[in-house]
Amino acid sequence: MTEFAEIWTYLSTDPLLWLTLTLAAYGAGDALFKASGRKPMVNPVLIAVAFLAVLLQLTGTSYATYFAGAQFVHFMLGPATVALAIPLYANLNHIKKAALPMIAALVAGSLAAMLSAVGIGVALGLDTNILLALIPKSATAPVALGVSEAIGGSPSLTAVFVITTGITGAIIATPLLNLLRITDWRARGFAVGVASHGIGTARAFQVNETAGAFSGVGMGLNALLTALIAPIIAQWLLG
Amino acid sequence: MIIHLATLLAFQLLGEVTSRGLDLPLPGPVIGMALLFVTCVIWPRLAKTIAPTTTVLLGHLSLLFVPAGVGVVGHLDKFGSDGAALGVAIIGSTVVAITVGALTFVGLRKLTGTSHD
């Protein structure tokens, strides 16, 4: 019989193990989410990430080794982003009718995200280089990283802020919007997409298809607006 | 299913080429989404054809963020004394952004008399 150590040596260098565990951890997180009666606090992404992070620590596995397996899941983000065009198209009539509220909510939400993050950061005494990395955090990851680099922030810090913002949005959106008594799925979805990109959009799709479609639009439009406005806010911050 | 995935990948590829070729500030997949949307407006049959696959893919969108999320955990201890301030800035600004965005949407909808549906 083969020693466990030998099997582990094979598994720990093979992408199969971490790919399987990524799917299993998310599956478990999703099962817990459903068992909780779909409570926003029981976020499947957060559960899977926490579980896998602890497992990497315990087994002394590097992130590079983990990613060799998990990259197959990560890769699907590209085609999934492209796929957002389909619910967008299906909701074309809704979107045409709501063009003006959408544009206003985009500008207001995007500016509110960037300015309030910088404002709170300044008030709490964060360094300028951290503030620069915070500015584009509501945009989808590839845009946020590019913008961060362009305005002199650290892209790896921004990556952390982007994911944290997404999970925060996914958790707080439902209780917050209920508290505000906003019942329009278009308004709810759109605001979440602008503030917390793809992770917020994924959450919106779990709640309501229309909210998901509008969240996808909000995410796409805010990617564009952040790329345009973040350099101006950065200049103002440095000036 | 395979043809559907190939279609999505082809639009992503087209988006990447456009983004790099024209030096646009938008990532390839976002441009690919815009191109696929325009194609569906011109040729509605495409949307109907690939919808079963995109529904499955988007139904599991959260899963796709797990690998990047795990990468984040390795950085969390670096923040030390800034951790609390960063947490307040991120949670606070997300609350503000969702509130402002949703209220603006609803306010403008009422102002312009757009129907609630």
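Being assigned to a helix (DSSP H, G or I), under 30 Å from B:VAL88 (Cα atoms) and at the interface with chain B (Cβ under 7 Å from one of its Cβ atoms), is that true of even one residue in segment A:91-99?
No, there is no match, as no residue in segment A:91-99 is assigned to a helix (DSSP H, G or I), under 30 Å from B:VAL88 (Cα atoms) and at the interface with chain B (Cβ under 7 Å from one of its Cβ atoms).
Among the candidates A:THR183, A:THR201, which residue alone is among the hydroxyl-bearing types (Ser, Thr, Tyr) and not in a helix (DSSP H, G or I)?
From the options A:THR183, A:THR201, the qualifying one is A:THR183.
When segment A:135-165 is examined, which residues are found to be in contact with a Phe, Trp or Tyr (Cβ under 8 Å, 6 or more places away or on another chain) and at pLDDT 95 or above?
The one that is in contact with a Phe, Trp or Tyr (Cβ under 8 Å, 6 or more places away or on another chain) and at pLDDT 95 or above: A:LYS137.
Would you check which residues across segment A:190-228 are more than 14 Å from the chain's Cα centre (by Cα), within 17 Å of A:ALA104 (Cα to Cα) and crowded, with 24+ Cβ neighbours inside 10 Å and list them?
Here is the first cut: in segment A:190-228, the ones more than 14 Å from the chain's Cα centre (by Cα) are A:190, A:206-211, A:213-214, A:217, A:221, A:224-228.
Applying the additional criterion that residues be within 17 Å of A:ALA104 (Cα to Cα) yields A:190, A:214, A:217, A:221, A:224-226, A:228.
Of everything in segment A:190-228, those that are more than 14 Å from the chain's Cα centre (by Cα), within 17 Å of A:ALA104 (Cα to Cα) and crowded, with 24+ Cβ neighbours inside 10 Å turn out to be A:PHE190, A:PHE214, A:VAL217, A:THR226.
Considering only residues that are over 20 Å from B:ALA68 (Cβ atoms), in a helix (DSSP H, G or I) and of a type in the set (D, E, K, R), which ones fall in segment A:24-61?
Within segment A:24-61, just A:LYS34 meets the criteria.
Looking at A:PHE33, A:PHE51, A:PHE67, A:PHE72, which is the one that is closer than 17 Å to B:LEU63 by Cβ and touching a Lys or Arg at 6+ places or on another chain (Cβ under 9 Å)?
After applying the criteria, what remains is A:PHE33.
Of everything in segment B:31-61 that's open to solvent by less than 30 Å² (accessible area, probe 1.4 Å) and more than 7 Å from chain A (Cβ to nearest Cβ), which residue is modelled with the lowest pLDDT?
Only one residue fits best here, namely B:ILE31.
Filter segment A:89-110 down to the residues that are within 24 Å of B:LEU26 (Cα to Cα) and without any contact (Cβ under 8 Å) to a residue 40 or more places away in the chain, then identify the one that is most open to solvent (accessible area, probe 1.4 Å).
A:LYS96
Consider segment B:1-30. How many of its residues are closer than 18 Å to A:ALA144 by Cβ, open to solvent by less than 60 Å² (accessible area, probe 1.4 Å) and at the interface with chain A (Cβ under 9 Å from one of its Cβ atoms)?
Summing the residues that are closer than 18 Å to A:ALA144 by Cβ, open to solvent by less than 60 Å² (accessible area, probe 1.4 Å) and at the interface with chain A (Cβ under 9 Å from one of its Cβ atoms) in segment B:1-30 gives 7.
Going through A:ILE151, A:ILE163 one at a time, which residue ends up being under 24 Å from B:GLU16 (Cα atoms) and more than 8 Å from chain B (Cβ to nearest Cβ)? Lay out the reasoning, then the answer.
Details: A:ILE163 fails: more than 8 Å from chain B (Cβ to nearest Cβ).
Only one candidate qualifies: A:ILE151.
To keep it simple, each residue is scored yes or no on (1) open to solvent by less than 20 Å² (accessible area, probe 1.4 Å); (2) closer than 27 Å to B:HIS4 by Cβ.
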| site | (1), (2) |
| --- | --- |
| A:LEU19 | no, yes |
| A:ALA28 | no, no |
| A:ALA31 | no, no |
| A:ALA48 | yes, yes |
| A:PHE51 | no, no |
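Can you find, within segment A:124-144, the residue that is surrounded by the most Cβ atoms within 10 Å (Cβ to Cβ) among those that are more than 9 Å from chain B (Cβ to nearest Cβ) and closer than 11 Å to A:ALA223 by Cα?
Restricting to residues being more than 9 Å from chain B (Cβ to nearest Cβ) and closer than 11 Å to A:ALA223 by Cα, the top hit is A:PRO136.
Quick test for you: out of A:ALA113, A:ALA117, A:ALA133, pick the one residue that is under 19 Å from the mean Cα position of the chain (by Cα), within 30 Å of B:ALA85 (Cα to Cα) and touching a residue at least 40 places away in the same chain (Cβ under 8 Å).
Sole residue among the options that is under 19 Å from the mean Cα position of the chain (by Cα), within 30 Å of B:ALA85 (Cα to Cα) and touching a residue at least 40 places away in the same chain (Cβ under 8 Å): A:ALA113.
Please give the number of the condition A:ARG38 fails out of (1) closer than 23 Å to A:GLY198 by Cα; (2) without any contact (Cβ under 8 Å) to a residue 60 or more places away in the chain; (3) more than 8 Å from chain B (Cβ to nearest Cβ).
(2)
Look through segment B:62-114, keep the residues that are within 7 Å of chain A (Cβ to nearest Cβ) and not in a helix (DSSP H, G or I), and return whichever of them is surrounded by the most Cβ atoms within 10 Å (Cβ to Cβ).
B:THR114
The values are calculated or read from the model by the stated rules, or taken from the named source; none is laboratory data. Note that the coordinates shown come from a computational prediction; the quantities given were computed from them, not determined experimentally. Cβ atoms come from the backbone with ideal geometry, glycine included; neighbour counts cover every protein chain shown. With ligands, DNA and RNA removed, areas are computed over all heavy atoms of the protein, side chains included. Shrake-Rupley method; radii C 1.70, N 1.55, O 1.52, S 1.80 Å.
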